[in-house]
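Reviewing the structure listed below.
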Amino acid sequence: MYVSEIDHNVTEEDLAHLFSRCGDVVDCRLCGDAHSRMRFAFIEFSQDSWRTAIPEALKLNDTVMCGFPIRVLRSKTAIIPVKRELLPRSQTEMERCQRTIYASNIDRRLTENDVVSFFEALSVDEKTGADGKICKIRLLADGSHNTSIAFIEFFGPESAIAALNKC
């Protein structure tokens, strides 16, 4: 199922609980920026229950969650299982993921220094103590696109969150 217009206060657990009334939920993936007002999700039912679960799930369209009616549609996209070998394998890797952001659609004419300056300015937040310091950047481009992508690793997760909040 594809669920849209989900308030930022709704959790994956909330959605899984709601849709478990329809059938056996085997996967619930909440997508979009956690700080954005609205997000979307994919709900997957088990092989044994999907035939009866889908019609029941469609009846949940316009169900109010955290003050907003959700939209429920049959998904046109399959959920691909997460490859466990790609997930962080240690506390160190988990911490690196928490302080790294991905940026796309960067003008190829910009240098690493340009991108660092931009994100360091965005990531300072006196309220949280985010200092905006970047420890590593990977700016990637290929010959067929006019834009680049970047992985920007900050020294602390507060800086990464501050940058994301201002983008």
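The values are calculated or read from the model by the stated rules, or taken from the named source; none is laboratory data. Keep in mind the model is a prediction, meaning the values are calculated, not measured. For neighbour counting, all protein chains shown are included, and Cβ atoms are generated from backbone atoms with ideal geometry for every residue, glycine included.
One table, with the values for the structure above:
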quantity	calculated
Positions within segment 4-27 being in a strand (DSSP E or B), out of contact with any Ser or Thr (no Cβ under 9 Å at 6 or more places or on another chain) and surrounded by 20 or more Cβ atoms within 10 Å (Cβ to Cβ), in sequence order	6
Hits in segment 138-167 - residues which are assigned to a strand (DSSP E or B) and under 20 Å from residue 97 (Cβ atoms)	138, 139, 140, 149, 150, 151, 152, 153, 154
Residue that is in contact (Cβ under 8 Å) with a residue 40 or more places away in the chain, under 24 Å from the mean Cα position of the chain (by Cα) and buried (at least 17 other Cβ atoms within 10 Å of the Cβ), where the choices are 130, 163	163
Of all residues making up segment 28-52, the number that are in contact (Cβ under 8 Å) with a residue 12 or more places away in the chain and assigned to a strand (DSSP E or B)	11
Residue match in segment 96-116 (condition: out of contact with any Ser or Thr (no Cβ under 7 Å at 6 or more places or on another chain), in a strand (DSSP E or B) and hydrophobic (A, V, I, L, M, F, W, C))	yes
So residue 89, is it part of a helix (DSSP H, G or I) and either outside the structural domain of residue 148 (by TED's automatic domain parsing) or under 30 Å from residue 15 (Cα atoms) (or both)	no
Verdict on residue 143 being outside the structural domain of residue 30 (by TED's automatic domain parsing) and at positive phi	no
Complete set of residues in segment 49-81 that are modelled with pLDDT under 90 and within 25 Å of residue 7 (Cβ to Cβ)	75, 76, 77, 79
Of residues in segment 62-119 being over 27 Å from residue 156 (Cβ atoms) and aliphatic (A, V, I, L, M), the one surrounded by the most Cβ atoms within 10 Å (Cβ to Cβ)	72
